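Here is the structure we will look at, set down as structure tokens.
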Amino acid sequence: MGELFNVILVAPIVNILVAVYQVLSFLHIPYALGFSIILLTVLIRLILYPFTAVQLKASKKMQELNPHLSKIKDKHKGDSTRIQQETMRLYKEHGVNPAAGCLPMLIQLPIIWALYTVLQRVVEFKGNAVVSEINKLTYQTSFLKLSQPWDTSFFGLPLGQSPAQLITALGTLVFILPLLTGIFQLIQSKMMFSKPVDQQDVKNEKTPKKQDDFASAMQTQSLYIFPVMIGFFSFSFPIGISLYWNTFTIFGILQQYQIQGLGGLSEWTEKIKKFGK
């Protein structure tokens with residue numbers, strides 16, 4: 001199974017990365033490996049774009065139906081059969097398929113994991129080991145064969161080392177990258193939540209307060225916990241992996257904005273605007 005995964009996904013991604021690197025090197029672009037990682041990540045994101053779009057649109061529709069689902073559960077409390085029937089009727093009425101977001105995610109996960117695997121290998125190999133190990137995975141053409149080790153630095157930062165390993169040399173500056181990683185992830189996570197409902201629009205609707213309070217608390221916890229975890233992990237991960245992750249996240253933020261708008265982030269932007277007045 002591991003060998004099949006390497007042949008189908010890992011090897012093609014390695015070859016694309018090396019091809020991009022060779023082009024950038026030919027054009028004498030500095031820090032070619034770092035920019036190759038960024039361009040490869042963008043390319044993978046573009047390939048996954050249609051699948052991610054389907055997932056985001058399905059998620060947006062589901063969020064729009066949440067108030068209606070809450071009313072159904074409150075109205076038919078204790079009658080699980082009736083709740084299920086009314087829920088399915090609501091989905092059918094609005095043309096929503098609850099499983100629409102699952103297939104795109106199943107398609108994306110192997111590709112994302114393969115990209116992560118490739119980048120791990122790329123930044124960890126050192127010296128002549130890079131040439132021999134990478135050339136084992138490239139196709140039989142001279143253009144894709146490395147003739148010498150590539151420069152693993154990116155604007156002075158070694159892509160193969162983690163902020164934790166650089167803390168002695170750089171001091172507190174090493175915390176900037178994990179901090180940015182956490183902030184980007186927080187922005188994307190906040191955008192995934194639906195825009196807060198205007199209280200004037202729902203003042204006459206009865207909603208299950210305790211259930212809403214519990215759901216709101218869980219949502220708030222997940223909003224902050226995941227970005228903190230990602231930021232913490234990036235402190236120990238090679239900088240090359242963080243470069244990939246941040247590029248992946250920024251592209252995701254742009255795609256979410258195109259499809260869903262600011263989403264839950266609008267709550268923060270409105271507060272910032274009010275504060276600035």
* Selection within region 224-267 - open to solvent by less than 70 Å² (accessible area, probe 1.4 Å) and of a type in the set (Phe, Trp, Tyr) -> Phe235, Tyr244, Phe248, Phe251
* Asked: Looking only at residues in region 142-166 that are open to solvent by less than 40 Å² (accessible area, probe 1.4 Å) and in a loop (DSSP other than H, G, I, E, B), which one is nearest to Ile225 (Cα to Cα)?
  -> Ser162
* Would you check if there is a residue in region 190-206 being open to solvent by 70 Å² or more (accessible area, probe 1.4 Å), at pLDDT 75 or above, farther than 21 Å from Gln120 by Cβ and among the β-branched types (Val, Ile, Thr)? => no
* Asked: Here are Leu159, Leu166, Leu144: which of them is over 27 Å from Gln22 (Cβ atoms), of a type outside the set (Phe, Trp, Tyr) and touching a helix residue (DSSP H, G or I) at 6+ places or on another chain (Cβ under 8 Å)?
  -> Leu166
* To do: With a cut-off of at least 2 residues that are modelled with pLDDT under 90, open to solvent by 70 Å² or more (accessible area, probe 1.4 Å) and in contact with a helix residue (DSSP H, G or I) (Cβ under 7 Å, 6 or more places away or on another chain), name the helices (runs of 4 or more DSSP H) lying wholly within region 1-92.
  => 32-75
* Structure fact -> Of the residues in region 93-107 that are part of a helix (DSSP H, G or I) and either of a type in the set (Asp, Glu) or touching a Ser or Thr at 6+ places or on another chain (Cβ under 7 Å) (or both), the one that is surrounded by the most Cβ atoms within 10 Å (Cβ to Cβ) is Pro104
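Just a yes or no: is a residue in region 44-65 in contact with a Leu (Cβ under 6 Å, 6 or more places away or on another chain) and either in contact (Cβ under 8 Å) with a residue 60 or more places away in the chain or within 27 Å of Ser142 (Cβ to Cβ) (or both)?
yes
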* Looking at region 221-277, which of its residues are within 30 Å of Arg121 (Cα to Cα) and not in a helix (DSSP H, G or I)? -> Phe237, Pro238
* To do: Specify which of the listed residues (Ala129, Ala169) is free of Cβ contacts under 8 Å to residues at least 40 places away in the same chain and open to solvent by 60 Å² or more (accessible area, probe 1.4 Å).
  => Ala169
* Structure fact -> When (1) under 17 Å from Ser234 (Cβ atoms); (2) out of contact with any Gly (no Cβ under 7 Å at 6 or more places or on another chain) are applied to Thr141, the one that fails is (1)
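The values are calculated or read from the model by the stated rules, or taken from the named source; none is laboratory data. In this text, all values refer to a predicted model and were calculated from it rather than measured experimentally. Please note: Cβ atoms are built from the backbone with ideal geometry, for glycine as well, and neighbour counts cover all protein chains shown. Only protein heavy atoms, including side chains, enter the accessible area calculation; ligands, DNA and RNA are left aside. Shrake-Rupley method; radii C 1.70, N 1.55, O 1.52, S 1.80 Å.
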